[in-house]
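Asker: To start, I am sharing the structure in question, which I have written as structure tokens.
Where a number appears in this text, it was derived from the coordinates with a stated rule and is not lab data. None of these values were measured; they are calculated from a predicted model. Virtual Cβ from ideal backbone geometry, glycine too; neighbours counted across all protein chains shown.
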Amino acid sequence: MKLVIVKDYAELSRKAAELLVSEVKANPKTVFGLATGGTPVGMYRELIKLSQAASIDFSQASSFNLDEYVGLSSTHPQSYRSYMQENLFNHINIPTEKTHVPVGNTTDHLAECARYEEAIRLAGGIDIQVLGIGNNGHIGFNEPGSPADSVTRVVKLTDSTIEANARYFDSVDHVPTQAVSMGINTILGAKKVVLLASGEAKAEAVRLMLEEEPTADVPASLLQLHRDVTVIVDQEAASKL
Ligand code: GLP
């Protein structure tokens, strides 16, 4: 895995946005794999700035998000669909119908998961997948124990993930306990992967991801099985390396 250590969150956000811009410039039909959470917010902000300043064209691009909470409608303020609309899609010229986020409030989750995998396949696969990392080493919502061959499915969130994400909800009791998430195998199917980590709270997860043998106990370490991964971390997240 290629490791890039930058000074701080601002530099991390700029670097990551520049990578995405160079991707869509080289291939206007880029299929992006996108992530939510606090970490990529700065990257999306930079991406919007760069796009507006240089008229970057996303009209032929498409995107697939990693995950969505089970039970939340797409218009729920805390849904990952709402997050993506607010933080990116409303501000660039990507056609809404080309942006994909798993549906969290369907009555048939099995069908939705199969449909999502198939949609990625029909799009020709993901060209560049952006990832954050959970404090426990999760990627997407692939919690510890997620095997390398897992695909899009309904997963149960761990208590530590529910607590970490409670800051976006009125209280911890409002955080959904399940999500639809791309699997590790889905993520490993992307042509390139870019993982972002910022802050001291991520330092141990970053160390385990890079320095331990690949194991389902630290899902991010399974990225060692991929041949084109760039890990961009700031100095705090790199402090245990
Ligand atoms: C959630 C998301 C992940 C994200 C993680 C870390 O669990 N499903 O995709 O990487 O949170 O989020 P943050 O960047 O806010 O620390």
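Asker: Would you please give the residues with an amide H less than 5 Å from that of PHE64, counting only those at least 5 places away or on a separate chain, with H modeled from the backbone geometry?
Answerer: Close amide H contacts, sequence-distant or interchain: PHE32, GLY33, LEU34, HIS100.
Asker: Extending each Cα 7 Å along its Cβ direction at ILE5 and ASN105, get the distance between those two points in nm, one decimal.
Answerer: Rounded to a tenth, the inter-label distance reads 4.6 nm.
Asker: Could I ask something else about it? Show me the ranking of peptides 183-195, 223-235 by mean Cβ neighbours inside 10 Å, starting with the highest.
Answerer: 183-195, 223-235
Asker: Output the Cα-based Rg and Dmax of region 2-109 in Å, rounding Rg to one decimal and Dmax to a whole number.
Answerer: 14.4, 46
Asker: Something else about it: Run lengths n ≥ 4 of DSSP H only: what is the helix-derived mean residue ellipticity at 222 nm for the chain, with -39500 (n - 2.57) per run over all residues, to the nearest 500? Don't skip to the answer; put the middle values down first.
Answerer: On the way: 7 runs with 75 residues, N = 241.
The helix contribution divided over the chain gives -9500 deg cm²/dmol.
Asker: Something else: Please report the relative contact order for the chain, taking Cα pairs under 8 Å with a sequence separation of at least 6, and give it as a percent rounded to a whole number.
Answerer: Values: 521 pairs, mean separation 60.7, N = 241.
Relative contact order of the chain: 25 percent.
Asker: Shifting gears a bit: Farthest toward the dipole's positive end in the chain, which of THR230, SER146, HIS109, given Cβ charges of +1 (Lys, Arg) and -1 (Asp, Glu) about the Cα centre?
Answerer: THR230
Asker: What ³J(HN,Hα) values, in whole Hz, does the Karplus curve 6.51 cos²θ - 1.76 cosθ + 1.60 give for region 197-212 when θ = phi - 60°, with x put for Gly and Pro?
Answerer: 9, 9, x, 5, 4, 9, 4, 5, 4, 5, 4, 4, 4, 8, 10, 8
Asker: Would any residue of region 198-230 have its amide N under 14 Å from a label point 7 Å out along Cα→Cβ of SER239? List them or say none.
Answerer: Zone members listed by number: 198-207.
Asker: Right, another one. Could you give me the ³J(HN,Hα) list for region 178-192, computed from phi with Karplus coefficients 6.51, -1.76, 1.60 and θ = phi - 60°, whole Hz, x at Gly and Pro?
Answerer: These are the phi-based 3J(HN,Hα) values: 9, 8, 9, 9, 3, x, 4, 5, 4, 5, 5, x, 5, 5, 10 Hz.
Asker: Once Rh for the chain is found with the Kirkwood sum over Cα pairs, what is the Stokes-Einstein diffusion coefficient at 37 °C and 0.692 mPa s, in µm²/s?
Answerer: Estimated via Stokes-Einstein, D reaches 185 µm²/s.
Asker: Also: Only four residue types carry charge here, +1 at the Cβ of Lys and Arg and -1 at the Cβ of Asp and Glu. Report the dipole size of the chain about the Cα centre in Debye, rounded to the nearest 20.
Answerer: On the way: 21 positive and 30 negative charges, 153 e Å.
Using only the charged Cβ atoms, the result is roughly 740 debye.
Asker: Among 162-172, 16-26, how do they line up from the highest to the lowest mean number of other beta-carbon atoms within 10 Å? Let's see the in-between values first.
Answerer: Values: 162-172: 13.5, 16-26: 17.5.
Packing proxy ranking, top to bottom: 16-26, 162-172.
Asker: Starting from the coordinates of the alpha-carbon atoms of region 139-197, obtain the Kirkwood hydrodynamic radius over all distinct pairs and give the value in Å to one decimal.
Answerer: Details: mean 1/r = 0.0800 Å⁻¹.
That comes to 12.5 Å for region 139-197.
Asker: Could you sort out which of LYS98/LYS240; LYS15/LYS156; LYS29/LYS202; LYS2/LYS25; LYS7/LYS98 sit more than 31 Å apart by Cα distance in this structure?
Answerer: In this structure, LYS98/LYS240; LYS15/LYS156; LYS29/LYS202; LYS7/LYS98 exceed 31 Å between Cα atoms.
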